[in-house]
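Participant: Got a structure for you, questions after.
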Amino acid sequence: MSRHLSRPSRPLGQSVHEPVLLQESLEVLAPQRGGFFIDATVGGGGHSVALLAASEDLQLLAVDRDADALDRARERLAPFGERVRFAHAPFSSIESLLPDGWAGKVNGILADFGVSSDQLEDRDRGFSFLHDGPLDMRMDATKQKTSAAVLLASASEDEISTWLHEFGEERFSRKIAHEIVHARRFGPLLRTSQLADLVARVSPRGRQGIHPATRTFQALRIVVNRELDEIDALLHAAPALLGDGGVFAAISFHSLEDRMVKNAFRNEVRSETFEDIARKGIVAGAGEQRRNPRSRSARLRAIQKEGGAC
Ligand SMILES: C[S@@+](CC[C@H](N)C(=O)[O-])C[C@H]1O[C@@H](n2cnc3c(N)ncnc32)[C@H](O)[C@@H]1O
């Protein structure tokens, strides 16, 4: 089913996404300094609003590869007028998105990885095992050709098993892959509910209150969107864009992302040009974890380029 033929389930302007680690992000990014900031994952615009509100001298480049997210952000950030520029692009291309005069002078970059609640709640996007919808999972259906359904229709059992094991850290990867290949002999897997039911049959009991399909959906989303390649490219490109005293902050949601951020930041710190300003990473406090369950797996890491008066 093409999502362009179906109506969105609610008006795009209203984001239901609650930003995680908001105060903690502001503390490390120090937007009250003003200057050039990049929100590499603007999503519902929660972090961006707070950055822009912190200083009238702050200009923001708001990036997202999801056109719906960017439309919502455009509406929400409209009150900040020409202080905000928007880029519909993957953050792997961050270097080429920089406005004139920003290179080597950026004061802060924020990347808040993964999917937003807006994407999860929109059943037509196919990100969630909780809602029936097309098995899509593309963050940018205007440029990405291969949906999760297309991937599952053509991949070998070994490939599927490897994805689930490596990107979902799924214990039952072999059993689930076997069942997927068996099931598709009788017809294609086109709906999220088909896949969620299939996974639940193979690994019936949710572990620690986690839905049995959680890891399978995470793995497929990572493959469909080449998420780890995207993060790798951003982690390599972003530090060079910063000016003296500039901060690069990243929020990750699972161990694969966090390991990449931790290693990349450690290398930058070893080069002695950067300082780690969030040792061991910052996690959400008990209050935020109660209020916003998404924050329970979030970890914020941040490095700051030497120099500058911050
Ligand atoms: C967790 S949400 C960000 C939420 C945002 N910080 C807020 O406060 O509303 C992640 C966003 O990043 C976007 N995204 C994920 N991978 C991306 C990539 N490689 N390039 C650009 N945007 C990406 C998603 O489309 C999603 O809108």
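The values are calculated or read from the model by the stated rules, or taken from the named source; none is laboratory data. Just so we're clear, the structure is a prediction, and the values are computed from it rather than from any experiment. Don't worry about glycine lacking a Cβ; one is built from the backbone with ideal geometry, like all the others, and counts go over all protein chains shown.
Participant: I'd like the full set of residues that are within 11 Å of the ligand (Cβ to nearest atom) and more than 19 Å from Glu288 (Cβ to Cβ), limited to segment 49-70.
Facilitator: Those that are within 11 Å of the ligand (Cβ to nearest atom) and more than 19 Å from Glu288 (Cβ to Cβ): Ala62, Val63, Asp64, Arg65, Asp66, Ala67, Asp68, Ala69, Leu70.
Participant: Conditions: (1) under 24 Å from Ser255 (Cβ atoms); (2) more than 16 Å from the ligand (Cβ to nearest atom). His182 meets all but one. Number of the miss?
Facilitator: If we test His182 against (1) under 24 Å from Ser255 (Cβ atoms); (2) more than 16 Å from the ligand (Cβ to nearest atom), just (1) comes out false.
Participant: So which of Gly245, Gly285 is free of Cβ contacts under 8 Å to residues at least 24 places away in the same chain, closer than 20 Å to Glu24 by Cβ, of a type outside the set (Val, Ile, Thr) and surrounded by fewer than 18 Cβ atoms within 10 Å (Cβ to Cβ)?
Facilitator: Sole residue among the options that is free of Cβ contacts under 8 Å to residues at least 24 places away in the same chain, closer than 20 Å to Glu24 by Cβ, of a type outside the set (Val, Ile, Thr) and surrounded by fewer than 18 Cβ atoms within 10 Å (Cβ to Cβ): Gly285.
Participant: Additional query: For segment 15-29, which positions are in a helix (DSSP H, G or I) and near the ligand (Cβ under 8 Å from one of its atoms)?
Facilitator: Answer for segment 15-29, where residues must be in a helix (DSSP H, G or I) and near the ligand (Cβ under 8 Å from one of its atoms): just Leu22.
Participant: Can I ask one more? Between Ala249, Ala302, which is touching a Gly at 6+ places or on another chain (Cβ under 8 Å) and not in a loop (DSSP other than H, G, I, E, B)?
Facilitator: Result of the check over Ala249, Ala302: Ala249.
Participant: Return the total of residues in segment 175-218 being under 26 Å from the mean Cα position of the chain (by Cα), modelled with pLDDT of 95 or more and more than 18 Å from Asp132 (Cα to Cα).
Facilitator: Residues flagged as under 26 Å from the mean Cα position of the chain (by Cα), modelled with pLDDT of 95 or more and more than 18 Å from Asp132 (Cα to Cα) within segment 175-218 amount to 2.
Participant: Among the numbered criteria (1) more than 10 Å from the ligand (Cβ to nearest atom); (2) under 14 Å from the mean Cα position of the chain (by Cα); (3) farther than 25 Å from Asp197 by Cα, which one does His254 miss?
Facilitator: Here His254 clears every test but (3).
Participant: Can you tell me which of (1) aromatic (Phe, Trp, Tyr); (2) within 13 Å of the ligand (Cβ to nearest atom); (3) in a loop (DSSP other than H, G, I, E, B) is the one Trp102 doesn't meet?
Facilitator: (2)
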